[in-house]
1. Only one residue in A:Gly799, A:Gly774 is more than 12 Å from chain B (Cβ to nearest Cβ), out of contact with any strand residue (DSSP E or B) (no Cβ under 6 Å at 6 or more places or on another chain), more than 30 Å from A:His992 (Cβ to Cβ) and small (Gly, Ala, Ser), so which one is that?
2. What single numbered condition from (1) touching a residue at least 40 places away in the same chain (Cβ under 8 Å); (2) of a type outside the set (A, V, I, L, M); (3) within 14 Å of chain B (Cβ to nearest Cβ) fails to hold for A:Gly926?
3. Select from segment A:45-69 the residues that are buried (at least 19 other Cβ atoms within 10 Å of the Cβ) and part of a loop (DSSP other than H, G, I, E, B) and write down the one among them that is modelled with the lowest pLDDT.
4. Conditions: (1) more than 14 Å from chain B (Cβ to nearest Cβ); (2) more than 20 Å from A:Trp791 (Cβ to Cβ). A:Pro891 meets all but one. Number of the miss?
5. So how many residues does segment A:157-204 have that are in contact (Cβ under 8 Å) with a residue 40 or more places away in the chain and assigned to a loop (DSSP other than H, G, I, E, B)?
6. Could you tell me which residue of segment A:802-839 is farthest from the other protein chains (Cβ to nearest Cβ), considering only residues that are in contact with a Gly (Cβ under 8 Å, 6 or more places away or on another chain) and among the aliphatic types (A, V, I, L, M)?
7. Return only the number of the condition from (1) surrounded by fewer than 20 Cβ atoms within 10 Å (Cβ to Cβ); (2) in contact (Cβ under 8 Å) with a residue 12 or more places away in the chain that A:Gly640 does not satisfy.
8. Quick check: anything in segment B:60-79 among the basic types (Lys, Arg), outside the structural domain of B:Lys166 (by TED's automatic domain parsing) and modelled with pLDDT of 90 or more?
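The values are calculated or read from the model by the stated rules, or taken from the named source; none is laboratory data. Note that the structure is a prediction, hence the values are computed from the model and not measured. As a convention, Cβ positions derive from the backbone with ideal geometry for all residues, glycine included, and neighbour counts pool all protein chains shown.
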Amino acid sequence: MPPNATFNTLERERIFKNPSNKAFQTPALQELVAPHIEAFNALTEFGPSSGLLDLAIQDIGSKAVFDTNGGGLGNKLTFWVDELTLNKPSLSDKERHSTTRHVYPTEARERLNTYRGRLEAKLAWRINDGPVVIETQDLGLVPIMVRSNRCNLEGAFPKELIRHHEESEEFGGYFLVNGIEKLIRLLIVPRRNHVIALIRSSFTNRGPTYSNYGTSIRCARPDQTSQTNTVHYLTDGGSMLRFAWRKQEYLVPTMLILKTLIDTSDKEIFDSIMLGDMGNTFLTDRVELMLRSFKAYVLHTREQCLAYLGDKFRVVMNFPEDYTDVEVGEGLLRKIVLVHLKNNRDKFNLLIFMIRKVYALVAGECAPDNPDSPQHQEVLLGGYLYGSIIKEKIEDWLNGVRSMIKQDVRRKVAGLDFLDNHYFLKTLKKTASLQDIGQKMSYFLATGNLISNTGLDLQQATGYTIVAEKLNFYRFLAHFRCIHRGSFFAELKTTTVRKLLPEAWGFLCPPADVSRLPSILASLGVSQTLVPARGQRTVVVQLDGRIVGYCSSEEAKKVAGTLRHYKFSGSHQGAVPLDIELGYVPISQGGQYPGLYIFSTPARMMRPVRYLANGKTDMVGSFEQVYMEIACMDDEIRPGESTHQELSPTSMLSIIANLTPFSDFNQSPRNMYQCQMGKQAMGTPSTAINYRTDNKMYRLQTGQTPIVRPALHDTYGIDGFPNGMNAVVAVISYTGYDMEDAMILNKSSHERGFGYGTIYKSEIIDLTDLRIRGEPVLHHFGLGLDAPRSWREKLDKDGLPCIGVTLGEGDPMCAYIDDTTGKTSVRKYKGMEEGIVDEVRLLGSDLGDTELQKIHIKLRITRAPIIGDKFSSRHGQKGVCSQKWPSVDMPFSESGIQPDVIINPHAFPSRMTIGMFVESLAGKSGALHGIAQDATPFTFNETYTAANYFGEQLKAAGYNYHGNEPMYSGITGEEFKIDIYLGVVYYQRLRHMVSDKYQVRTTGPVHNLTMQPVKGRKRAGGIRFGEMERDSLLAHGVSYLLQDRLMNCSDYSICNVCTKCGSITSPISTHTAGSLSNVREIECRACQSGSGIDQVPLPYVFRYLATELMSMGIKVTLKTQP
Amino acid sequence: MDMYNGGPEISIRSLRKDGMKFVLSNTDLSVANALRRIMIAEVPTMAIDMVEIEKNSTVLTDEFIAHRLGMIPLTSFDVDRIQYTRDCTCTLYCPNCSVELTLHVKVNVDFDDMNDPTIDKTRQVSSLDLISSDENVKPVSDDKSHPILIVKMRPGQEVKLKCIAKKGVAKEHAKWSPVYGVAFEYDPYNKLRHSHYWIEEDENLEWFVSDNAVEETPIDPNEPFDYNAKPDRFYMEVETSGCMKPEDVVLRAMTIMQDKLGGLQIKLDDEFKEDTQRWGY
């Protein structure tokens, strides 16, 4: 028996009854969201001593402003943020009723609130060189990630989580904004600190002589913000450095930057770029030209260059006024140029390398790097993005304070006195809107929109956050594992970005765009240096974008090998962390630019593989993987070449893809479909349903654990969240109702509860919407004496609905009394389906000191399966229920088994979902023997076949080896000509149900301009009978039907027409002069008579057209004939 | 029908409390299948049809509990005494056409045990808690240690409801079916060649001869194929839900079939009579 042949029912029940206080039942789930949580924790814990926020305020530095007192610049007021503290969510100090001050996520969830903690800044300032004054400033309430180190549930285990109304295995990783679970998407960004060669036609748009060649590097600062630098190749042989600062692009000659970085000579620059390769005339020509053309600037020393640069960028950089040009120039280099490096010599070396690489690209010595390949990508983690936004908002705040003071100085405002602390504090009050960073972060999470002055070096401004929908557990999980390619690429017409590159093996799983196990590092790397001999004909060795030296390619390979060895053993053990990436690129003819690129920074994609040398688990990154020999199966190991082996062939699959049983038997697109459909199945969204306030939740009442499941099913604890039911499935064409992907359901199965589902819907009633600003509370929940009896059947005396009461369309949901009128009003239920009141939640204010004004009603809508509902197996085989066939009419086997579901055999030949057959076989034998069947892909092969394994099991149970059974017609009792494939398959009920989709109409609302039926299901509108439909009727020559659809059933109208002048616009209804009767007559205004008036049926829009034409001065006349 | 001399025969192969194996012979396939269909769908039994919930603070919703109650088999030996509601003179239900069952369970909070994890505080509400007003109509429970679970409750919860059990047939809802399954087979050796057994290599390895084959003689390869032969021996097995004895199910099914045929006969006779009167032939 395979190891997981049991369903572990008793063990799961035991854990359910006595949740642990020490460990999680499924620790794997906690690891799944680790990238999100670790990145958020990095805000406060990053590296040994500081968090990202500390690094951010260091990078912002201080701001200064002068009061121009006594001529010149005057007194200097310098201010900066000294310290940032992010607190755990707690009650406001004003709250005086509670004993415990902690706020837990469930409160935010149930009260439709935001789970947030206070951000405080220690703002420091000094006048000239006077004493430093420090004051704590409140920066508002910032949303906190659930289960992060700022969450009150940090480190909680199941027992405590349950106590706080969470899922027992709650893993967090999301924010709670207005009660909605929001998640910052993982985003693909260019790999940091690595120079990539690009050929882009858009580069030529930068100006004349600009070519389409360039090298680009995304440099990351210690605080994880980034700055991209690009070196452009000019057709005249020169090069320019491009960077963006506050969304504005600037282009500076690279030669100028080189000369500002260090005190250097033309010879040194020439030598550094040539690196002894004097035979390369292509290079010599261009370097010479570059050096020569720079002479035009007449800048010789570093000082001169810096001053020149500083002068040009003084306004842009917005440094304090007392900075000299040289200081501004230095500041620019520090803040913009190759910011991942501190040392100017390193910057110089890397810039030289960028120039070398771009020339190599132009000369065709190296190929352009593919920015769409995971080799040149890393992940932007939500926490890092969150930190960079906070950083920018703080800088905005400080700049705001500065410009406010500057404005005061310019206007010579009374009370302006730098020496008086009150003045500074007063100015802070004026910039309070900039100071409320919490509100800005809430906005960011709620909308996903990035409002930024700098653009944060990112491609998009929207779509950063998504709702972590708890439609079912699969979908919820997938949200955390999904990596977004950026909305910029979603709009791209070319499909090249969508190409699945071999480089992505093991990192990105196509079915769900979900990465399988890339542990995204959030640890700091080593700073170990390694200096190979310099000066030979060599390749570069870089560590995190810093050139550590040059050596021969063979040596580089040896270094890489040795470092990999040091990961595990040797004297340097511990100094080389496991997650270091040793990207050795060999010399090739026109391939990738060679070198040894070592990466140790966070946010890279890495995955575990087995290191063959010692059998230990090694981490491999997406850069180095391209040049490694990683065998998959044992027989693929090539001695002397393979260095690593996959831990399991399923490593390449995402979690969702891994949960498809026997996916290796299926045609691959079917597996992709299943990955989509698994996320749409009605399942068990949560085990704490009564503590949730989701807008809409789907629940399957009769969920079962699948008999056939892959090993990872247990690892991820999916049994806690069943997603479907085991169904007896017959593959047979029976009665014709199973044609075209329809399926027949056994009526008795349905009556016994197969696929029974429920929808939970939320209704929120907030009486403050009725309140006029400034007035006291005038509306109170309650049922007055004036309420009619029909309201009292649904509502209680408090005006709230009774639990368990059924609400139909138009029924009162709640009642309130208006103090001004003294009357009772109700809020009506607008849904078309009947709902049962499941819960009523009274939502108070934060301080709990105001009257009840807001309630949340959870309605339960029952959805038993009906004809038209969608079902699917786990193999991309979806179908719509076409009949609920009486059980006696269903075919039956000799033992009296009747299928729950009948599907048509035609669903298989073209789709080739053999996995479903195998599942059927395995499910049948599993049900017969009472065991859970292991369905992990790649466990069977040609010599050890699944058909034989399960066939033998079936034989042992006394059934046909192939899973076939003779069956009898339920209607005649006659044996079928052929035997039928009958087995047990796990079926999912999908959330697409006819009850949400059907649209019918006989008569109903019409558009008031055209008198044609309106569109839209919600408005009881019709379905458009469009031009193409019209064409087909014309082609058939069915004119009666045409008239019926387009006229009689649409905008049929009787129209008065004047037969004399042929106008349909001039007949008007008039009172006959002198008549006492109220009878109106129709008269043509043009002919001044009513004698020619006749009535014709016309489409109403035609009359509208006639009036429209009339307004343009065009007359429409009808020629009428009797 | 000279083909089936002497009329249909039944020989009982085994009889248990909840099941019966028999051979129906000397009759046509249509008769056998009709018997099967009637046993599944048309033998009336008692089942809970309406639930009036007064109080329900359990974790299961009202409609979920009602559905579970409906699926509980009730003893229906006495079902003939009870009328169908549709035939009854009452408006909703009355003792003539229904049986009332009540369920009231309240789990008290015992503060002493509250924090003791060793005590299992879960109260399992089962079919044993259903109290019937009629001794003859009550939940099937052969085994007191394994009653049918309805809902699990924790301290502080309460469920109070009244169930109305009515007479009905499984045509309307599966809960009224007296049987869980009816096995049905004829011609185990496939002498009639109604079916074509699909094989890959060896029929004997891939296919099993059914247990019912002991009742028949194996195919004689020398014997020519009789294309006129019709199935006339049917191996059936009835498994009941416990609501009535298996032999009762079969007998009642036969009575129903007889009644139906009798009804049909009378109707046909009337029709012919009318026609004769009308057209004079």
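1. Of the residues listed, the single one that is more than 12 Å from chain B (Cβ to nearest Cβ), out of contact with any strand residue (DSSP E or B) (no Cβ under 6 Å at 6 or more places or on another chain), more than 30 Å from A:His992 (Cβ to Cβ) and small (Gly, Ala, Ser) is A:Gly774.
2. (3)
3. That would be A:Asp67.
4. A:Pro891 satisfies all of (1) more than 14 Å from chain B (Cβ to nearest Cβ); (2) more than 20 Å from A:Trp791 (Cβ to Cβ) except (1).
5. Residues in segment A:157-204 being in contact (Cβ under 8 Å) with a residue 40 or more places away in the chain and assigned to a loop (DSSP other than H, G, I, E, B): 18 in total.
6. Filtering first and then ranking leaves A:Ile817.
7. The failed condition is (2).
8. no
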